[in-house]
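Remarks on the structure that follows.
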Amino acid sequence: RKEVEQDPGPFNVPEGATVAFNCTYSNSASQSFFWYRQDCRKEPKLLMSVYSSGNEDGRFTAQLNRASQYISLLIRDSKLSDSATYLCVVAMTTDSWGKLQFGAGTQVVVTP
Amino acid sequence: EPEVTQTPSHQVTQMGQEVILRCVPISNHLYFYWYRQILGQKVEFLVSFYNNEISEKSEIFDDQFSVERPDGSNFTLKIRSTKLEDSAMYFCASSVPAGGLRHTDTQYFGPGTRLTVL
């Protein structure tokens, strides 16, 4: 079983629409959760950390369900610039010093 | 904004040759990492480094790999005898500023070095 699993997509989203997708993780001892964004052939960039109570950053909302071991990301009012691969990332540590375990990514394509 | 830098951006080498990939982490960070991403696959952890020693490594990081912080600014990954399957994008990352908040959740990634082994 993969440690972090994501639907690869692509999710084709009209500009202005809402899109949501999940990821599941296998290790119940995981402590930290993140969404990173990766543009084609570029480095991963942190989009947001995911906290137990759920959190929002502008048009992005992340949720964590520890009981079911999944994390979700919702993007509202999609922009063309949101087209990217979204990487679900899990760490065993409570801080940023531990190794990150990446999912394979969910591709989002926002169309005009 | 401070950033992680990596050189070269693209390295082409012959199978069996040694390569050294170079990284300059963010200057006041304490933890350093190498990850790799084979084309079309997920990002994979290779090694983490703290206080001048390896703190964790993956099964990928075998005896052909080594890391070094030769001075106060550079962090290098050496592959002693490259194989075709070492072809990938190699990302360096750094985290945890000295004296920073405990819950600093960010590992900052460099732009990567694309390694092509022929």
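The values are calculated or read from the model by the stated rules, or taken from the named source; none is laboratory data. This is a predicted model, so every value here is computed, not measured. Quick reminder, even Gly has a Cβ in these numbers, built from the backbone with ideal geometry, and neighbours come from all protein chains shown. We work out accessible area using only protein heavy atoms, side chains counted, and drop any ligands, DNA or RNA first. Shrake-Rupley method; radii C 1.70, N 1.55, O 1.52, S 1.80 Å.
A few comments on the model shown:
- Residue count for the range B:55-65 satisfying the condition of being open to solvent by less than 30 Å² (accessible area, probe 1.4 Å) and over 23 Å from A:Lys42 (Cβ atoms): 2.
- Residues that are under 21 Å from A:Val89 (Cα atoms), basic (Lys, Arg) and not in a loop (DSSP other than H, G, I, E, B) do not occur anywhere in the range B:78-85.
- Any chance A:Val110 is away from chain B (no Cβ under 12 Å) and either touching a residue at least 60 places away in the same chain (Cβ under 8 Å) or surrounded by fewer than 21 Cβ atoms within 10 Å (Cβ to Cβ) (or both): yes
- Scanning the range B:104-116 for residues being open to solvent by 10 Å² or more (accessible area, probe 1.4 Å) and either modelled with pLDDT of 95 or more or under 17 Å from the mean Cα position of the chain (by Cα) (or both) gives a total of 6.
- The residue that is surrounded by the most Cβ atoms within 10 Å (Cβ to Cβ), counting only those in the range B:26-54 that are within 13 Å of B:Phe75 (Cβ to Cβ) and of a type in the set (Gly, Ala, Ser), is B:Ser48.
- Selection within the range B:37-62 - among the charged types (D, E, K, R) and within 11 Å of chain A (Cβ to nearest Cβ): B:Lys42, B:Glu44, B:Glu56, B:Lys57
- Residue that is surrounded by the fewest Cβ atoms within 10 Å (Cβ to Cβ), among those in the range A:67-102 that are under 16 Å from A:Lys42 (Cα atoms) and either within 8 Å of chain B (Cβ to nearest Cβ) or β-branched (Val, Ile, Thr) (or both): A:Thr85
- Restricting B:Leu101, B:Leu84 to residues that are hydrophobic (A, V, I, L, M, F, W, C), open to solvent by 10 Å² or more (accessible area, probe 1.4 Å) and at pLDDT 95 or above narrows the list to B:Leu84.
- All positions within the range A:55-66 that are of a type in the set (Gly, Ala, Ser), surrounded by 13 or more Cβ atoms within 10 Å (Cβ to Cβ) and away from every other protein chain (no Cβ under 14 Å): none
Rundown of residues vs (1) in contact (Cβ under 8 Å) with a residue 60 or more places away in the chain; (2) surrounded by 14 or more Cβ atoms within 10 Å (Cβ to Cβ); (3) not in a strand (DSSP E or B), yes/no style:
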{"site": "A:Glu5", "(1), (2), (3)": "yes, yes, no"}
{"site": "A:Cys23", "(1), (2), (3)": "yes, yes, no"}
{"site": "A:Trp35", "(1), (2), (3)": "no, yes, no"}
{"site": "A:Arg41", "(1), (2), (3)": "no, no, yes"}
{"site": "A:Met48", "(1), (2), (3)": "no, yes, no"}
